[in-house]
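Visitor: Quick one: the structure is below, and I'll ask about it shortly.
The values are calculated or read from the model by the stated rules, or taken from the named source; none is laboratory data. Everything numeric here is computed off the predicted structure, so don't read it as measured data. Reconstructed Cβ throughout: ideal geometry from the backbone, glycine too, with neighbour counts over all protein chains shown.
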Amino acid sequence: MPPLTLVMATHNPGKVRELQALLRDLEVRLLSLADFPEIPEIPEKGATFRDNARAKAQEVARLTKLPALADDSGLEVAALEGRPGVLSARYAADLTRPAPPTDADNWGKLLKELAGIPWERRQARFVCEIALAFPDGRLYTARGECTGIIALEPKGSQGFGYDPVFWTPEFEQTMAELPPEVKNRISHRARALAALKELLISLITENRKPKT
Ligand code: ITT
């Protein structure tokens with residue numbers, strides 16, 4: 001019986017790496033959008049991480065006719081009333097420049113906005129909503145969060161996105177200083193996926209049963 005195939009509905013190589021590591025112990029064949037170059041960028045129009053994750057997963061399941069796993073995630077900073085939130089990937093977007101902002105553009109803008117804000121008022125959280133959609137319309141979602149502090153300056157070179165400026169109280173280091181296996185134990189993405197894992201295991205078991 002071939003393993004259950006899942007498409008990771010993301011263009012972000014950092015997410016692909018982490019999802020692959022997080023799903024390593026499950027018997028699934030993982031594809032990503034790199035395997036489907038004909039699928040265009042899926043616009044994220046929703047007001048919430050959940051809406052965006054659901055829309056991405058459903059669209060990719062429809063187009064590939066395979067179960068699709070989508071993650072919409074981002075950073076919420078308390079002193080900025082939850083910004084950058086769903087706009088995390090495009091926070092420093094500049095309409096005069098066609099290229100999307102780099103990770104350093106985004107966290108650079110964040111550090112500028114927080115200039116002068118003391119350590120005690122720099123609380124933030126990473127949020128991840130993961131959606132698993134099937135071509136037949138079944139849809140499941142799960143959420144994970146990870147709390148921290150926005151550092152005064154970037155440190156570390158692991159991970160992606162805002163990791164160099166996200167300081168974790170538990171390890172007293174930024175997320176980009178932590179080895180990937182540690183980030184993958186505590187991250188918002190790990191927590192969301194852990195919530196979906198029982199479901200994935202039951203789908204794998206189901207997939208192994210001979211079809212009658
Ligand atoms: P896809 O939509 O193709 O999945 P994306 O990068 O556009 O890729 P999102 O719209 O979900 O993904 O934006 C998430 C952004 O939030 C991401 O680009 C990072 O800037 C940030 N982010 C999410 N998870 C993160 C993590 O684990 N560490 C650091 N930053 C993260």
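Visitor: I'd like to check something: does the range 18-26 contain any residue that is out of contact with any Phe, Trp or Tyr (no Cβ under 9 Å at 6 or more places or on another chain), away from the ligand (no atom under 11 Å from the Cβ), more than 22 Å from G159 (Cα to Cα) and in contact (Cβ under 8 Å) with a residue 24 or more places away in the chain?
Guide: Yes, that holds for at least one residue.
Visitor: Go through the range 64-79 and report how many residues are part of a helix (DSSP H, G or I) and buried (at least 18 other Cβ atoms within 10 Å of the Cβ).
Guide: Going through the range 64-79 one residue at a time, the tally reaches 1.
Visitor: Output the number of the condition that I150 fails; it satisfies all remaining conditions of (1) under 26 Å from A70 (Cβ atoms); (2) in contact (Cβ under 8 Å) with a residue 24 or more places away in the chain; (3) within 14 Å of the ligand (Cβ to nearest atom); (4) out of contact with any Ser or Thr (no Cβ under 7 Å at 6 or more places or on another chain).
Guide: Every listed condition holds for I150 apart from (1).
Visitor: Look at the range 1-49 and say how many of its residues are part of a strand (DSSP E or B) and either hydrophobic (A, V, I, L, M, F, W, C) or at pLDDT below 90 (or both).
Guide: Looking only at that region, the number is 7.
Visitor: Still on this structure, I have one more. Inspect the range 163-176 for any residue being under 18 Å from A21 (Cα atoms) and either surrounded by fewer than 16 Cβ atoms within 10 Å (Cβ to Cβ) or polar (S, T, N, Q) (or both) and give the result as yes or no.
Guide: Looking through the range 163-176, none of the residues is under 18 Å from A21 (Cα atoms) and either surrounded by fewer than 16 Cβ atoms within 10 Å (Cβ to Cβ) or polar (S, T, N, Q) (or both).
Visitor: Say whether the condition of being in a strand (DSSP E or B), buried (at least 18 other Cβ atoms within 10 Å of the Cβ) and among the hydrophobic types (A, V, I, L, M, F, W, C) is met by at least one residue in the range 54-63.
Guide: Within the range 54-63 (the criterion being in a strand (DSSP E or B), buried (at least 18 other Cβ atoms within 10 Å of the Cβ) and among the hydrophobic types (A, V, I, L, M, F, W, C)), the answer is no, since none of the residues qualifies.
So that you can scan it fast, the table gives a plain yes or no per residue for (1) near the ligand (Cβ under 10 Å from one of its atoms); (2) at pLDDT 95 or above; (3) in contact with a helix residue (DSSP H, G or I) (Cβ under 6 Å, 6 or more places away or on another chain):
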| site | (1), (2), (3) |
| --- | --- |
| L75 | yes, yes, yes |
| L80 | no, yes, no |
| L95 | no, no, no |
| G108 | no, yes, no |
| L111 | no, yes, no |
| I117 | no, yes, yes |
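Visitor: Pairs, please: C-beta under 7 Å, at least 6 apart or cross-chain, first residue touching a residue at least 40 places away in the same chain (Cβ under 8 Å) and in the range 52-80, second away from the ligand (no atom under 11 Å from the Cβ) and polar (S, T, N, Q)?
Guide: If the second residue must be away from the ligand (no atom under 11 Å from the Cβ) and polar (S, T, N, Q), the pairs left are A53/T141; R54/T141; L66/T5; A78/Q123.
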